[in-house]
Amino acid sequence: MKYIQKYYIILLVLLLSNMAVFAQDPNFSQFIASPLSINPALTSNGESSWRAMSNVRTQWVGIGSSYITQSLSVDGKLKKLDDENYLGIGGMVIAEKAMDGIFKSTYLNINTAYHLSLDNKGNGLAVGLGYINNNTRIDFSQLSFDQQLSSIGFDRTLPAGEPSLSNATSFSSACAGIMYTYDNENTFLNVGAAGYRFVKSNRSVLDDKTQYVSPRYDIHADFGTALNDRVNLNVSAVHMIQNGTRNTAIGTSFGLVQNANDYNSEQLRMINLGMFYKIGSAIIPYVGYNYNAFQFGFSYDVNVSSVKSGSMSARSFEISFMYRGFSSYNLKPGRYHSPF
C-alpha cells in the first residue's frame, strides 16, 4: 500500500504541474472583461481615462476541491501626445490555487501600449509590449508520503524522502501585440493579434529539463454598435493557439439601456444579456449590469464536451467586476456604450 500511495502522490504532483502549464495562460469565459490577458495592445483601450477589472473563476470536477482563478488588472491613459494619440500603461495579477491551497500559481503581467490615430474618420492602430513573470509553488508539507508513515499514522514532521521534488518553479518572458481599431460615437471595431513567450520556457517541479511552457498566440475581434436608442449589440471572438492545441470562444451580448430618454445624463443604467460558446467545450449564458461607472457580470459554463468523465461532472462559474473613470461623460441616446 505504501508504494501505491507514493506513486499516487507523484502522479498528483505531475498532474498539477501540467495544470500549471496551461493554467498560467488565463482562459476566462468572460474574456471581454479581461482584455489584458488577450493582447497587450488592448491596454488603456476604450473611452475611459482608466479602469480596474477583476475576474473570479471557480471550477470543480466531481466532489473534489475547487480550482480557483482570480485576476485583478488596472490600466489607463498615461500621457496624451495630442488630441488623438496617447500612451497607455497597465498591470495584471492572476492568482490560481487548487487542492485547498496546496498548489498556487501567480502570474504578473506589466504592459504598455501606444495608440495612434490614422485619420479623422475613426481609424487607428495600437501596438503593445509587455513583461510576464510566473511563479508556481506546491506545499509538500500538506501532502503525505510513505516515508512519513508511522505507527500512529502519517507524521508530516518527518522528511519526505523525495529530494528530487522542488516546491517552486518560475520563469519570465515577454508578450507583444498589434491591433486595428475603428471607433465613432455609434460603432466600434477591434481586430488584433498577440504573442506570449516567443521562446519555450523550462518549467518543472521535478527539475525535468525536457518540460517546457510553449509560446501562445492569440487572434481576437470585437464589434459593437447601437441598434437604437435603447439597445446596444456586442459581438466578440478570441482564438488561442498553444502547443498544437486551439481554443476558440465566440459570443454576443445585448445592452438594454434603462434611461435612454434621459438626454445628456451623467448616469448609465444598462442590463447586459448574452451567450458565449467555447467551441466543442461549453455554452455560457451571461448576465450583467452597468450602474454609472461600475459593471458586474455573471456567467455559468454548461458543459457540452463530447469527452465523458464517468460519474464526475465539470462545473464552473465566473464573476467579473469593472470600474471605469471618465474625464467627461454624457449619456446620449443612440450612442454605443463599450463593455470595456
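The values are calculated or read from the model by the stated rules, or taken from the named source; none is laboratory data. Because the structure is a prediction, the values reported are computed rather than measured. Because the Cβ atoms are built from the backbone with ideal geometry, glycine has one as well, and the counts that use them run over all protein chains shown. Note: areas computed on protein heavy atoms with side chains; ligands, DNA, RNA excluded. Shrake-Rupley method; radii C 1.70, N 1.55, O 1.52, S 1.80 Å.
Tabulated data for the structure shown
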{"read-out": "The stretch 36-71, subset farther than 18 Å from Met322 by Cα and among the aromatic types (Phe, Trp, Tyr), residue least open to solvent (accessible area, probe 1.4 Å)", "value": "Tyr67"}
{"read-out": "Top-ranked residue in the stretch 43-59 [being outside any strand (DSSP E or B) and modelled with pLDDT of 90 or more; ranked as nearest to Gly91 (Cα to Cα)]", "value": "Thr43"}
{"read-out": "Number of the condition not met by Phe145 [criteria: (1) open to solvent by less than 30 Å² (accessible area, probe 1.4 Å); (2) in contact with a strand residue (DSSP E or B) (Cβ under 7 Å, 6 or more places away or on another chain); (3) at pLDDT below 90]", "value": "(2)"}
{"read-out": "Hits in the stretch 87-104 - residues which are within 19 Å of Cys175 (Cα to Cα), within 15 Å of the chain's Cα centre (by Cα) and surrounded by 18 or more Cβ atoms within 10 Å (Cβ to Cβ)", "value": "Gly90, Met92, Ile94"}
{"read-out": "Subset tally (residues that are open to solvent by less than 40 Å² (accessible area, probe 1.4 Å) and out of contact with any Ser or Thr (no Cβ under 7 Å at 6 or more places or on another chain)) for the stretch 233-247", "value": "4"}
{"read-out": "Conditions (1) of a type outside the set (S, T, N, Q); (2) surrounded by 16 or more Cβ atoms within 10 Å (Cβ to Cβ); (3) more than 20 Å from His239 (Cβ to Cβ); (4) modelled with pLDDT under 90: number failed by Val74", "value": "(4)"}
{"read-out": "Positions within the stretch 170-213 being of a type in the set (S, T, N, Q), modelled with pLDDT under 80 and surrounded by 14 or more Cβ atoms within 10 Å (Cβ to Cβ), in sequence order", "value": "Ser201, Ser204, Gln211"}
{"read-out": "Single unsatisfied condition, Val93 versus (1) touching a strand residue (DSSP E or B) at 6+ places or on another chain (Cβ under 7 Å); (2) in a loop (DSSP other than H, G, I, E, B)", "value": "(2)"}
{"read-out": "Checklist (1) modelled with pLDDT of 90 or more; (2) surrounded by fewer than 20 Cβ atoms within 10 Å (Cβ to Cβ) applied to Tyr291, failing item", "value": "(1)"}
{"read-out": "Criterion violated by Lys121 - all others in (1) modelled with pLDDT of 90 or more; (2) more than 24 Å from Tyr300 (Cβ to Cβ) satisfied", "value": "(1)"}
{"read-out": "Flag for Tyr286 being surrounded by 14 or more Cβ atoms within 10 Å (Cβ to Cβ) and modelled with pLDDT of 95 or more", "value": "yes"}
